Amino acid sequence: MLNIKNLKVAIDDKVILENFSLDINDGDVVALMGPNGIGKSTICKVIMGDPTYKVLSGSIIYNGEDLLKMDTTTRSRKGLYLVNQNPIEIEGVTNADMLRTALECRTGNHTNFFEFNKKVTEICKKLNIPASFIHRGVNVGMSGGEKKKNELLHLYVLEPKFIILDELDSGLDVDSLKELALSLVNYLDDSISILIITHHISILEYIKPDYVHILKAGSIVASGDYSLALDVEKSGFSAYVVGEKENHE
């Protein structure tokens with residue numbers, strides 16, 4: 001589904017990623033771990049097309065197409081979706097307004113009001129979200145946990161195929177994290193891939209990754225399966241030397 005090769009990215013003339021490569025196939029759950037400030041969120045921004053980040057070299061191919069030639073709107077239409085670490089508030093725009101507009105933008109078809117309302121109401125029940133969320137401003141006045149639930153509401157309605165979780169566990173208590181993670185697991189199938197950005201193992205206890213990669217100094221220095229994440233939890237990231245790339249079985 002996604003092939004990143006030899007990516008070099010800078011912001012304000014400072015190189016953040018260098019020689020970064022990553023493959024994600026259909027149905028893969030991939031975790032990218034590392035300490036704060038080493039470029040994990042940069043990858044999210046670049047995949048989604050944030051113009052603040054300049055791609056100096058390398059490529060990103062998504063389902064056989066050059067992602068770097070697409071603007072953010074096109075990437076979204078192609079099925080990419082980012083769950084932000086800190087979802088923004090949008091005053092004066094309700095979830096219903098935003099989601100109807102987004103669906104019409106993606107499909108090119110008019111959204112039937114009654115069918116839309118029925119679908120969103122059913123999704124709210126499935127996610128244990130109050131139906132009142134539908135008519136609330138996008139993330140306005142919501143707690144951190146409510147904002148993340150609201151992001152999942154949008155995800156279920158828009159039905160993306162490639163999902164990026166940028167530190168979903170940030171600011172969540174244990175119960176909220178478990179509820180959100182299990183809701184994501186229920187959404188996944190063999191055609192949907194997910195990239196989990198995190199520096200904790202907590203979320204991986206519920207959404208088990210097929211592959212785990214450790215990022216340091218802008219490139220991947222270790223790769224393995226879920227047991228690698230368990231090792232990190234015990235020994236910390238300092239055990240992985242910059243430039244020393246390992247294969248962890």
Qualifying position, being modelled with pLDDT of 85 or more, open to solvent by 10 Å² or more (accessible area, probe 1.4 Å) and in contact with a Ser or Thr (Cβ under 9 Å, 6 or more places away or on another chain), among L165, L158: L158
S76, sole failed condition from (1) buried (at least 19 other Cβ atoms within 10 Å of the Cβ); (2) of a type in the set (S, T, Y); (3) in a loop (DSSP other than H, G, I, E, B): (3)
Residue, nearest to N63 (Cα to Cα), within region 10-22, restricted to residues that are in contact with a strand residue (DSSP E or B) (Cβ under 6 Å, 6 or more places away or on another chain) and open to solvent by less than 90 Å² (accessible area, probe 1.4 Å): L22
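Matching residues to (1) among the hydroxyl-bearing types (S, T, Y); (2) outside any loop (DSSP other than H, G, I, E, B):
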site: F133; (1), (2): no, yes
site: M142; (1), (2): no, no
site: K149; (1), (2): no, yes
site: L152; (1), (2): no, yes
site: V157; (1), (2): no, yes
site: I163; (1), (2): no, yes
site: S170; (1), (2): yes, no
V93 vs. criteria outside any loop (DSSP other than H, G, I, E, B), in contact with a Gly (Cβ under 9 Å, 6 or more places away or on another chain), aliphatic (A, V, I, L, M) and open to solvent by 20 Å² or more (accessible area, probe 1.4 Å): yes
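The values are calculated or read from the model by the stated rules, or taken from the named source; none is laboratory data. None of the values given here were measured: they were computed from a predicted structure. Reconstructed Cβ throughout: ideal geometry from the backbone, glycine too, with neighbour counts over all protein chains shown. Side chains included, ligands, DNA and RNA excluded: accessible areas come from the protein's heavy atoms. Shrake-Rupley method; radii C 1.70, N 1.55, O 1.52, S 1.80 Å.
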